[in-house]
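A.B. asks: Sharing a structure below in C-alpha cells format, with a few things to ask.
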Amino acid sequence: MDPVLAADLAKLRDVLGAAGRYAADVVVGMGERPVVAPTGVEPVGLPEAGLGFDGALAAFTRRWEPGFSGSAGPRYLGFVTGGATPAALAGDWLAGAFDQNAAAHDGSAAKGFEQETVRWLASLFGLGGAHSGAFVSGATMSTFVGLALAREWLGEQRGVSVAQHGTGGLGPVAVFSGAPHSSVHKALAMLGLGRDSLRPVPTLPGREAVDVERLRVALAGVGGPAVVVGNAGTVNTVDFDDLAALARLREQHPFWLHVDAAFGAFAALSPAHAPLVAGLAEADSVCVDLHKWLNVPYDSAVQFTRRPDLQVRVFRNSAAYLGLPTEDPDFVHLTPENSRRLRALAAWFTLSAYGRDGHREVVERCAASARRLGDLLAETPSVRLLAPVRLNVVCFTLADDPSPERVAEVSRAIAATGETFLSPTVYNGQHALRAAFGNWRTTSSDADRAYRAIARAMG
C-alpha cells in the first residue's frame, strides 16, 4: 500500500474527526459567510507524491475554501436553493461511509431503505400509494424520467414500443405547457422528441398558470394522444396550474400528465397552502427536487409515477449478472443510472429527525419570510412588485428604470454587499429580480437584512 495512504488508514479516526470539526466550523459560520465569493484561483498540477489528508486539507483551505460561497446559508435567495439540515448532512456523510450501490437488492438493505423513504415522501406530498418512485440526481433528471415514460406511453397508444424500436414509429408528438421550466426543453432534446415538440399554451391574464380552456382547445386540435406538463410552482412567481382541472381534461382528450412540482410540492405541508397542489395525486408522473425545500445536500431529487411498468420498459438493464426485472424491480431497472449513490440516506435522516411537523415549520417560516420581504418592497417607491407573493418567491422590478442595464447593475450591487444574492430574470417581458426563500435557517430577520441590502444597492 502507498505509504501516505497507509498512514491515513492508520489514523482514520483522526482524519474523519478533523474533517468533522472543519465541516462543523463551516456550517456554523455559514450564516455570516459572504453569499458571493471571489473566483479565479490559479490552477496547479497534480502532485506526484500525495500530501496526505492533513496536507490536502491545508491546501484546500488555503487555495479553494475562500472561493466557496455561502449559498447554503440563510440569505442566499437566488434560484431556489436550500441548504442541508443537521440530520441531512449527517445522513449524507453516512451515505459516503457505507458507500452502498443502491441499484440492486443483493446483499444489502439499501433497496428497501430507499423504498421506505420514497413512501414517506409520497405521503408528505399527498400522493398516497398509487405512485411509486425512485431517487435521481435533480429536477432535470426527474423531468427526464417522467417524460421518458410519457414517450413510452405515447408509443403504447399507437401500438409501438419506443424503448424497443426507437422513435421512428412514434409520429408527431405534441407537448403542451403554459410556463414550462427550462429543464423540460432540455429533457425533450435528450429524449429525441425535440424542443420544437413543446407547444406553449396561453396563460391566464397576469398569471403563469395555464388557461385550461385554451389548453382544451389545443388538445382537441391534436386529434390523438399528447403530453401535458403542468406546473406546481413556477420559477418566477410560484404560480400553480389548476391540477384538478387538468386531470379532468383527460375525460375528453387522452394525454399523459406530468407535473413539475420541483419545489411547489412542499406547499402540501402547509394547511394554508395545500389547496395549491390539489389534484397532484392525479398526475401520471411528478417531479420533486429534494435539494431545494427538503434541504438535503446536492444532488437529490425524486420522481414519482403511476406506471412503473412503463418505467421498467424504458430503463430495463439487460446484463445477466444484474438479473431480470421482477414484480418488485431493482432500481437498476427503474432509473437511467446503473450505479447509484444511496441518496435516500440524507432524506431519510432529515425526515426521521424532524418529521412532518419540523419540515412544515420550515416551509411556513420561509413563506412568512417571503411575505415579509414582499411587504417591505411593496412600501418602497423605487420598487414595483410584479406578482403577489403566493408562497416563497418575491418577484419585482425597478419602478424608475427597469432597463436590462439598470437591473443588472442593481443585481451586481446587491451581490457586492455580501449580504444576499437575488437571481435576475425576465417576467412578462420585463427585466426583474427574484428572491427565493428555501433555506432551513432563514428567518424574518434575514428578510430584513436582505431588504436593507437591496435598498442600499439601489442608492
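Just so you know, all these numbers are worked out from the coordinates, no wet-lab data involved. Model, not experiment: these values are computed from the prediction. Every residue, glycine among them, receives a Cβ derived from its backbone with ideal geometry; neighbour counts consider all protein chains shown.
A.B. asks: Loop-only GluC sites (Glu not before Pro) in the stretch 318-404, please: DSSP not H, G, I, E or B, and at most 16 other Cβ atoms within 10 Å.
C.D. replies: Sparse-neighbourhood loop GluC sites (Glu not before Pro): Glu327, Glu379.
A.B. asks: Right, here's the next one. With each label point set 7 Å from Cα along the Cα-Cβ vector, what nm distance links Ala189 and Ala378?
C.D. replies: 3.9
A.B. asks: Moving on. Calculate, in nm to one decimal, what Gln252 and Arg456 gain on full extension: separation in residues at 0.36 nm each, minus their alpha carbon distance.
C.D. replies: 68.0 nm
A.B. asks: Then there is this: Would the stretch 334-377 count as rounded, prolate or oblate if I go by the C-alpha gyration tensor, calling it rounded below 1.5 in a/c and otherwise prolate when a/b exceeds b/c, oblate otherwise?
C.D. replies: Oblate, because a/c is 1.5 or more while a/b does not exceed b/c.
A.B. asks: Along Cα→Cβ, 7 Å out, is where each label goes; now give me the distance between the ones at Arg63 and Ala163 in nm to one decimal.
C.D. replies: 4.5
A.B. asks: Above 15 Å lies some portion of the pair distances; for the stretch 161-229, what is it as a whole percent of all C-alpha pairs?
C.D. replies: Across the stretch 161-229, Cα pairs with separations above 15 Å total 56 percent.
A.B. asks: Figure the gain on full extension for Val41 and Arg356 (residue separation times 0.36 nm, minus the Cα-Cα span) and round it to one decimal in nm.
C.D. replies: Fully extending the segment from Val41 to Arg356 adds 109.2 nm.
A.B. asks: Follow-up. Give me the number: length gained by fully extending Glu32 to Asn428, i.e. 0.36 nm times residue separation minus the C-alpha to C-alpha distance, one decimal in nm.
C.D. replies: Numbers: separation 396, 0.36 × 396 = 142.56 nm, distance 3.48 nm.
Separation in residues times 0.36 nm, less the Cα-Cα distance, equals 139.1 nm.
A.B. asks: Sticking with this one: Dipole magnitude of the chain about its Cα centre, charges +1 at Lys/Arg Cβ and -1 at Asp/Glu Cβ only, in debye to the nearest 20?
C.D. replies: In debye, rounded to 20, the chain gives about 560.
A.B. asks: Among 258-265, 167-174, 369-376, how do they line up from the highest to the lowest mean number of other beta-carbon atoms within 10 Å?
C.D. replies: Output ranking for 258-265, 167-174, 369-376: 258-265, 369-376, 167-174.
A.B. asks: Okay, next question. Take each of the peptides 227-236, 185-194, average the number of other beta-carbon atoms within 10 Å over its residues, and list them starting from the highest.
C.D. replies: So the peptides 227-236, 185-194, ranked by packing, come out 227-236, 185-194.
A.B. asks: To continue, here is another question. Averaging sequence separations of C-alpha pairs under 8 Å and six or more residues apart, then dividing by the length of the stretch 172-297, give the relative contact order as a whole percent.
C.D. replies: Relative contact order for the stretch 172-297 comes out at 21 percent.
A.B. asks: Report the convex hull volume per residue for the chain, counting only C-alpha atoms, in Å³. Walk me through the intermediate numbers first.
C.D. replies: Values: hull volume 78.2 nm³, N = 459.
With only Cα atoms used, the chain gives 170 Å³ per residue.
A.B. asks: Report, for the chain, the % of DSSP beta bridges that are antiparallel, rounded to 5.
C.D. replies: 60
A.B. asks: What distance in nm lies between label points placed 7 Å from Cα along the C-beta direction at Ala10 and Ala56?
C.D. replies: 1.8
A.B. asks: Please report the spacing between the Cα centers of the stretch 281-324 and the stretch 252-269 in Å, no decimals.
C.D. replies: Value for the Cα centre distance between the two parts: 15 Å.
A.B. asks: Could I ask something else about it? Projected onto the charge dipole of the stretch 338-397 (+1 at Lys/Arg Cβ, -1 at Asp/Glu Cβ, origin at the Cα centre), which of Ala368, Tyr354, Thr397 gives the Cα projection farthest towards the positive end?
C.D. replies: The one lying farthest along the dipole's positive direction is Tyr354.
A.B. asks: I've got another one for you. Place a point 7 Å from the Cα of Arg21 along the Cα-to-Cβ direction; which residues of the stretch 44-59 have their backbone N under 19 Å from it?
C.D. replies: From the stretch 44-59, the list is 52-59.
A.B. asks: Turning to a different aspect of this structure: For the stretch 363-397 and the stretch 121-143, what is the separation of their Cα centres, given in Å?
C.D. replies: Result: 29 Å between the Cα centres.
A.B. asks: Once you charge only the Cβ atoms, +1 for Lys and Arg and -1 for Asp and Glu, what is the size of the charge dipole of the stretch 43-175 about its Cα centre, to the nearest 20 debye?
C.D. replies: The calculation lands at about 440 debye.
A.B. asks: What relative contact order, as a whole-number percentage, does the chain give when Cα pairs under 8 Å and 6 or more residues apart are counted?
C.D. replies: 21
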